[in-house]
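Just so it is clear, none of the values below were taken in a lab; they were calculated from the coordinates. For clarity, every value in this text was computed on a predicted model and none was experimentally measured. A quick note on method: Cβ atoms are made from the backbone with ideal geometry, for glycine too, and the neighbour counts reach across all protein chains shown.
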Amino acid sequence: MTASEADGRDRATDYADPEVLDDIAGDVSFDLEEINELLGELIEMRGDRKRRDADIVGFRLGVSGDAPETLARIGARFDLSRDRVRQLHTRAVAQILREAQLSGHRAAEVFGTRYPVGARDQQLVRALLVETYATDTDLAANELAYLKLRLAGHAGEDAKRVAGYVMQRIMGWQKKTNRRLAKLHEPLATSELNSWLGQVDWPASAPGPAPLPIASARTVDGDDEGRGRFYLGKVGRDIGFDSGLEARLLRTVNASDLVETFQEQPSAVTFEIDGTERSYYPTIAARLADGRVVLIDVEPLGHVGFHINRIKSAAGRTHAHANGWGWLVWTGSKIGIPDLLRRKVAAEAESRLRESVERGPVYWSAVRQLRAEVELDLLDLIALVLRNEWRWDRAPFRLTGNHPADHLSARTSLPR
């Protein structure tokens with residue numbers, strides 16, 4: 001465990017408190033990414049036998065790098081009820097665990113080291129909470145915690161107990177959020193938001209921003225029981241959120257005098273990836289005190305390089321600029337995409353990785369080997385992916401050169 005990871009686990013005692021967890025950069029690491037890669041590998045093994053099982057688990061856990069989905073939204077994909085989705089997910093996870101054990105998959109060693117069987121519950125809960133916050137996976141925290149612990153060798157009842165503690169902490173924090181709003185004073189919020197606004201991609205020219213939509217475009221699962229809610233005075237109503245990172249953005253926008261008003265998930269942005277049409281909902285559109293509007297989407301720092309998230313971001317940017325709005329991907333860190341594009345990476349690491357990509361697809365084992373030989377951390381990898389416009393697929397990992405055939409569209413649906 002690195003010093004930053006140990007510090008992060010201590011900080012998880014005050015999970016998602018904006019005055020404690022103010023930057024997720026210290027929790028972005030190859031070690032955490034390897035955990036997620038192994039999960040993706042195991043899910044794909046299940047997909048070789050039953051594709052729908054893998055898809056349901058993948059959508060629920062967010063293993064592709066996309067955000068976890070609610071049971072209701074997954075149900076809408078497959079024309080199933082929420083309860084049926086839950087049953088299929090539980091059954092598929094049991095099969096994944098069985099197959100991992102029978103195959104002697106190396107996940108047991110990696111997970112066992114990160115979540116040791118002899119560890120105290122408190123230690124495990126802290127580790128899992130930090131990972132949840134850093135990866136923006138609150139919606140699936142219970143399922144992820146259980147699966148990680150079972151793969152590490154914990155007995156079923158022990159894994160359920162610890163995963164339950166993780167969810168208790170998250171739900172307890174959600175209920176206390178209104179009280180914590182008072183802690184985020186206007187000067188602090190304004191200062192933080194001002195630093196983010198320096199990273200906004202504004203349209204080159206526009207006659208003026210389109211008005212904010214008057215309602216959320218998210219209708220299928222906007223009231224899902226897994227989401228948190230709090231009352232925000234700037235808009236005078238309850239607002240739903242999927243994660244601690246989303247809540248932090250909403251609190252900051254609500255408290256800052258730079259923002260006049262905002263609308264959560266104002267539009268559905270449709271994009272195409274590998275021939276499949278999908279849609280997503282950028283987090284908020286905020287009208288600033290000077291009249292400008294910025295569309296802001298939460299994307300955790302460690303995930304901004306994934307192919308699916310770059311396609312989504314491009315579609316979101318197109319939609320924002322078409323409306324005369326600025327576009328911002330907020331990473332949960334002081335480090336934003338412009339900083340990553342400027343990041344200095346060791347010359348040898350950059351050269352060797354570029355040569356590997358030019359020769360053909362690069363897989364996770366090759367990246368692990370490269371890390372053992374040169375100086376390379378996960379933020380370096382993300383920076384190189386963004387600068388070189390490589391394609392980074394996750395679950396399982398695959399790094400390739402440019403794919404001009406990957407087209408996207410930015411058809412959008414705004415509520416009336």
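Order 87-94, 365-372, 159-166 from most to least packed using the mean count of other Cβ atoms within 10 Å.
Answer by packing, highest mean first, reads 159-166, 87-94, 365-372.
Given Cβ point charges of +1 (Lys, Arg) and -1 (Asp, Glu) and nothing else, what value in debye, to the nearest 20, does the dipole of region 203-321 about its Cα centre take?
300
Pull out the extension gain between residue 204 and residue 363, defined as 0.36 nm times the separation in residues minus the alpha carbon to alpha carbon distance; nm, one decimal.
Residue separation times 0.36 nm, minus the Cα-Cα distance, leaves 53.4 nm.
Rounded if a/c is under 1.5, else prolate if a/b is larger than b/c, else oblate: which is region 208-344, with a ≥ b ≥ c the root eigenvalues of its Cα gyration tensor?
Rounded, since a/c falls under 1.5.
Let's see if you can work this out: charge +1 on each Lys and Arg Cβ, -1 on each Asp and Glu Cβ, no other charges. What is the dipole magnitude of region 265-345 about its Cα centre, in debye to the nearest 20?
360
Could you work out the local net charge near residue 400, counting Lys and Arg as +1, Asp and Glu as -1, over the other residues with Cβ closer than 9 Å to its Cβ?
Charge balance in the 9 Å sphere: +1.
How many percent of Cα pairs in region 238-308 exceed 13 Å?
Every Cα pair in region 238-308 considered, those over 13 Å come to 70 percent.
Based solely on its DSSP helices, what 222 nm [θ] is calculated for the chain when runs of n ≥ 4 H residues each add -39,500 (n - 2.57) and the sum is averaged over all residues, nearest 500 deg cm²/dmol?
Value at 222 nm, helices only: -16000 deg cm²/dmol.
So for region 242-354: antiparallel DSSP bridges make up what percent, rounded to the nearest 5?
Approximately 75 percent, going by the DSSP bridge assignments.
Which of 57, 75, 36 sits farthest toward the positive end of the charge dipole of region 33-77, with +1 on the Cβ of Lys and Arg and -1 on the Cβ of Asp and Glu?
Selected residue: 75.
Around residue 240, with a cut-off of 10 angstrom between Cβ atoms, what is the net charge of the other residues, counting Lys and Arg +1 and Asp and Glu -1?
Net charge around residue 240: -4.
Please report, in Å, the Rg and the Dmax of the chain, where both are computed over Cα atoms only.
20.7, 63
What's the FRET efficiency of residue 51 with residue 106 using the Cβ-Cβ distance as r and R₀ = 25 Å, to the nearest 0.05?
0.55
Mind ordering 128-138, 381-391, 351-361 by average Cβ neighbours within 10 Å, highest first?
In descending order of packing, they fall as 128-138, 381-391, 351-361.
Lysines near residue 50 by alpha-carbon distance under 28 Å, same-chain residues fewer than 8 away left out - which ones?
Once the sequence-local lysines are set aside, what remains near residue 50 is 148, 160, 312.
Once you order the gyration tensor axes a ≥ b ≥ c over the Cα atoms, which shape class does region 301-394 get: rounded for a/c under 1.5, otherwise prolate or oblate by comparing a/b with b/c?
Prolate shape, in that a/c is at least 1.5 and a/b is the bigger ratio.
Where does the charge balance sit around residue 157 when Lys and Arg score +1, Asp and Glu -1, over other residues with C-beta under 14 Å from its C-beta?
Surrounding charge for residue 157 is +1.
Among 307-316, 235-244, how do they line up from the highest to the lowest mean number of other beta-carbon atoms within 10 Å?
307-316, 235-244
What is the dipole size for the chain, taken about its Cα centre, with +1 at each Lys and Arg Cβ and -1 at each Asp and Glu Cβ, in debye to the nearest 20?
That gives a dipole near 940 debye.
How about residue 344: which aspartates and glutamates have a C-alpha closer than 16 Å to its C-alpha, ignoring those fewer than 8 places off in the same chain?
375, 377, 380
In nm, what is the difference between 0.36 nm times the number of residues separating residue 31 and residue 188 and their Cα-Cα distance?
My answer for the length gained is 53.3 nm.
Expected output is a single nm value to one decimal: the length gained when fully extending between residue 334 and residue 44, i.e. 0.36 nm times separation in residues minus the C-alpha distance. What is it?
Value of the extension gain: 101.0 nm.
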